[in-house]
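Have a look at the structure below before the remarks.
Please treat every number below as a calculation from the coordinates, not as lab data. Everything numeric in this text was worked out from a predicted model, so none of it was measured. Counting neighbours? That spans all protein chains shown, and the Cβs are built from the backbone with ideal geometry, glycine included.
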Amino acid sequence: MNFEILVATNNAHKLQEIRQILSPHHITVYGMKDLNIDIGEVDENGKTYFDNALIKVKALQNITKMPILADDTGLEIKAMDNGPGLFTARFASSLGGYENAFKEIMNRLEGKDRYAEFVCDIVILNVEDKPLRFEARIPGTIATNVKGEGGFGYDPIFINKELNKTYASMSQEEKNRVSHRGKALKKFLTYLKINNLID
């Protein structure tokens, strides 16, 4: 049994991770470029991760009847009042990129609690008559310096508690197993198996 899904993202790194996790389960994962879909920038003005992911899937609702997946992800740092949170990507953009964001975070955390959580909310549309939600929160700490060459985004500064190393220091297989996106996608896979949508 083959299951097809469209991912509402233009982030090539994110799409690659989702493919790596879902494809072994007989799920064909399409990106918007694969289907020549261009909806421009979507205004993610929700008040929660779920809201933002829902905005992204709904932007494609009138284009396809295929199941649509979107995620919204945030890094919540305790000593920064759980920021940047919903504004995680925009925080880096506002500072001119991730390298500057790392420096800013390191400065703000000097002598403070470095506890943080990575959050991922996945929303699926066009499978049931209501949006499906799968969330994962992963505890960790912010590194005192950039560590690792892999991954993307904030991966070089987030130390995952389970493996005690940054996402950027992990193999892709390790990251997919323990990351916020990996754990949320595993909940989605469990749903598909329970409902006999995949083998």
Ratio of Rg to Rh over the chain (Cα coordinates, Kirkwood Rh, two decimals): 0.97
With springs connecting C-alpha atoms under 10 Å apart, model the chain as a Gaussian network and identify which of 168, 184, 59 has the largest mean-square fluctuation. 59
Mean ellipticity per residue at 222 nm, deg cm²/dmol - from DSSP H runs of n ≥ 4 across the chain, formula -39500 (n - 2.57): -9000 deg cm²/dmol
For Cα pairs less than 8 Å apart in space and 6+ apart in sequence, what is the mean separation divided by the residue count of the chain, i.e. the relative contact order in percent? 19
Please compute the modelled spin-label separation between residue 62 and residue 48, points set 7 Å along Cα→Cβ, answer in nm with one decimal. 2.6
Among the aspartates and glutamates, which fall within straight-line cross-link reach of residue 165, defined as a Cα-Cα distance under 17 Å, with same-chain neighbours fewer than 8 residues apart omitted? 117, 149, 155, 173, 174
Using the number of other C-beta atoms within 10 angstrom as an exposure proxy, rank 26, 180 with the fewest first. 26, 180
Straight-line reach from residue 193: which lysines have a Cα under 17 Å away, not including same-chain ones fewer than 8 places off? 183
